[in-house]
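Everything on this sheet refers to the single structure shown next.
The values are calculated or read from the model by the stated rules, or taken from the named source; none is laboratory data. Bear in mind that the values here come from a model prediction, so they are computed numbers and not experimental data. Reconstructed Cβ throughout: ideal geometry from the backbone, glycine too, with neighbour counts over all protein chains shown. The protein model used for the area step is the full one, side chains on, heavy atoms only, and it has no ligands, DNA or RNA in it. Shrake-Rupley method; radii C 1.70, N 1.55, O 1.52, S 1.80 Å.
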Amino acid sequence: MVGGGLTGLAAAWEASRVPGLKVTLVEKETRLGGKVATASFPGGYLEKGPDSFLLREPGFVQFLKDLGLYSSLQEPETLAPLIRFGGRFHRLPEGLAGIAPWHRGYLRSSLLSLKGKAAVTRDLFLPPRGDAPWEDESFFDFASRHFGEEWAQRVVAPLYGGIYAGDAKELSTAALQPSWVKDEREEGSLIRAAQKRRQAGKAGPPFRTLPRGLQDLVKALEEDLVRRGVELRRGEEARSLDVLEGKVRLTTGKGLLFGDGVVLSLPAPQAGKLLETRAPRLARLLMGQAWVSSGALLFRITETEKRNALAGHPLFQGSGFLVPRGEGKVITGATVLSRKWPQLSRGAFHLRLFVGRRHEEEILSLPDDLLWERAWRELQRFAGPLPLPDEVLVSRFPLAFPQYRVGHGPWLEEVRREEGKWPWLFLAGTSYEGVAIPDAVRQGREAGQKVVRFLSGPPQPPSISKALDR
Ligand SMILES: Cc1cc2nc3c(=O)[nH]c(=O)nc-3n(C[C@H](O)[C@H](O)[C@H](O)COP(=O)(O)OP(=O)(O)OC[C@H]3O[C@@H](n4cnc5c(N)ncnc54)[C@H](O)[C@@H]3O)c2cc1C
């Protein structure tokens, strides 16, 4: 297994359930977990990357149960972000369920003009699409067709563009939001689909975290892997991959490793780098996937008077806020971690500001101290004078979010076709079939199962003849 983020850990966890199979995991950093990284402080925890996961997939729920984590899951205190528009902050329209409003509370929203509110009802006149052909569309186009451009611009673009640090005019509805497409096929109107779900007592899937943050998940996996004898090679970077005398050969910063199969659980451009010599066509495809860099600036305020001033500020009463394109220069969004997860930040006020998104990554070239100072200054422009934080942690993600643009589906098909030429190779992770934590775990586990099936099948030497794909 190459890559010790959640995808690689889940792949190793799955493969190591089979007795007698020797599993080795290579991770270039000295710690496991990849983007999942929790900082601990006396009495509290700060998430440098993800802070929660969605409990939607039964397989993921069972996985948490198998790891003994399910019963300790924690609920967020609030999930209501504000949206900046026209130089001030607004509440999300009331009754929002996913992309659609399920009741008419949105008519009271200060985020929309009268014309914008009127356009929302357009959705109610759309007939079910059934099996009629449909070409993938961007989030923006899809939402505009249903609810008008204003809803797309002021609600969908900040909320859903924000999740992927992407541009709502590029992101693929088919790849990232298949449930919107399903609702359109079955109901036509997404408002009606949302209302039916409400009537059936189905609220949206819940977000959860763990008592000491998401590091608990990494720790639980690591403990199981150690118990099952998986060799964890930390601080060792994989440099290239080849096949030699019937064996897969991985060249790392520390030497050579030989095996019968390999799972690459890395962002596609990094996986592509390893495959440049052996599978150049596949490598080119993988390296062509767009990713966005991002940074998380973590602010910790412990001094009582300052803490009270921030905790009482109107901007910090919800779970955070989103700053759409054109509304700010530095900050793209914020999480008020102390409000969202008060149990993780006892004795301190914890705030996280995000910087960097698609087409707006230059800000990340600033050194840490300038970056957080610029962000804090912008925050004061939004919020008025604020006391300086007691501690600041700058966390950077050079490959933070894959961009599933319109056309992701055909790209993926081609990747899978090329990957199929190398029976010993398994690509997994958030470049391919879903970008969130449950997707990483699902894809990692599937890759672990596939490698086991491959190794327990009839002997099949790694194919060298198929290497002539230049
Ligand atoms: C800021 C941020 C916030 C997020 N928030 C959420 C959230 O709240 N909820 C949610 O569900 N998802 C969230 N996500 C997405 C989530 O983090 C990912 O789905 C998940 O962590 C991906 O895991 P992974 O193992 O696929 O990738 P990674 O975590 O990127 O793991 C890849 C690993 O490979 C290692 N590696 C790379 N190259 C090599 C090499 N050559 N040799 C050896 N090792 C190598 C890396 O060091 C890394 O450890 C967020 C992501 C970011 C960036």
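Odds and ends about this structure:
- You will find that of L112, L124, the residue that is at pLDDT 95 or above, part of a loop (DSSP other than H, G, I, E, B) and touching a Lys or Arg at 6+ places or on another chain (Cβ under 8 Å) is L112 and no other.
- Filtering S179, S144, S172, S240 for residues that are touching an Asp or Glu at 6+ places or on another chain (Cβ under 6 Å) and small (G, A, S) leaves a single hit, S172.
- Residue in the range 27-49 that is nearest to the chain's Cα centre (by Cα), counting only those that are surrounded by 18 or more Cβ atoms within 10 Å (Cβ to Cβ) and more than 19 Å from F299 (Cα to Cα): G34
- If you filter the range 117-140 down to residues that are among the charged types (D, E, K, R) and crowded, with 17+ Cβ neighbours inside 10 Å, you find that the one that is farthest from A100 (Cα to Cα) is D136.
Conditions tested, residue by residue: (1) closer than 24 Å to L159 by Cβ; (2) open to solvent by less than 20 Å² (accessible area, probe 1.4 Å); (3) assigned by TED's automatic domain parsing to the domain that holds A447.
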{"position": "D51", "(1), (2), (3)": "yes, yes, no"}
{"position": "L55", "(1), (2), (3)": "yes, no, no"}
{"position": "G59", "(1), (2), (3)": "no, no, no"}
{"position": "Q62", "(1), (2), (3)": "no, no, no"}
{"position": "G68", "(1), (2), (3)": "no, no, no"}
{"position": "E77", "(1), (2), (3)": "yes, no, no"}
{"position": "F85", "(1), (2), (3)": "yes, no, no"}
{"position": "G98", "(1), (2), (3)": "yes, no, no"}
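- Selection over the range 4-27 of residues that are in contact with a helix residue (DSSP H, G or I) (Cβ under 8 Å, 6 or more places away or on another chain) and either within 14 Å of the ligand (Cβ to nearest atom) or without any contact (Cβ under 8 Å) to a residue 24 or more places away in the chain (or both) gives a count of 12.
- No other residue among E327, E362 is out of contact with any helix residue (DSSP H, G or I) (no Cβ under 6 Å at 6 or more places or on another chain) and free of Cβ contacts under 8 Å to residues at least 60 places away in the same chain apart from E362.
- Taking the criterion of being buried (at least 22 other Cβ atoms within 10 Å of the Cβ) and not small (G, A, S), the residues of the range 271-291 that qualify are L274, L275, L282, L286, Q289.
- Selection of the range 404-440 for residues being more than 11 Å from the ligand (Cβ to nearest atom), in contact (Cβ under 8 Å) with a residue 24 or more places away in the chain and in a loop (DSSP other than H, G, I, E, B) yields Y404, V406, G407, K421, W422, P423, W424.
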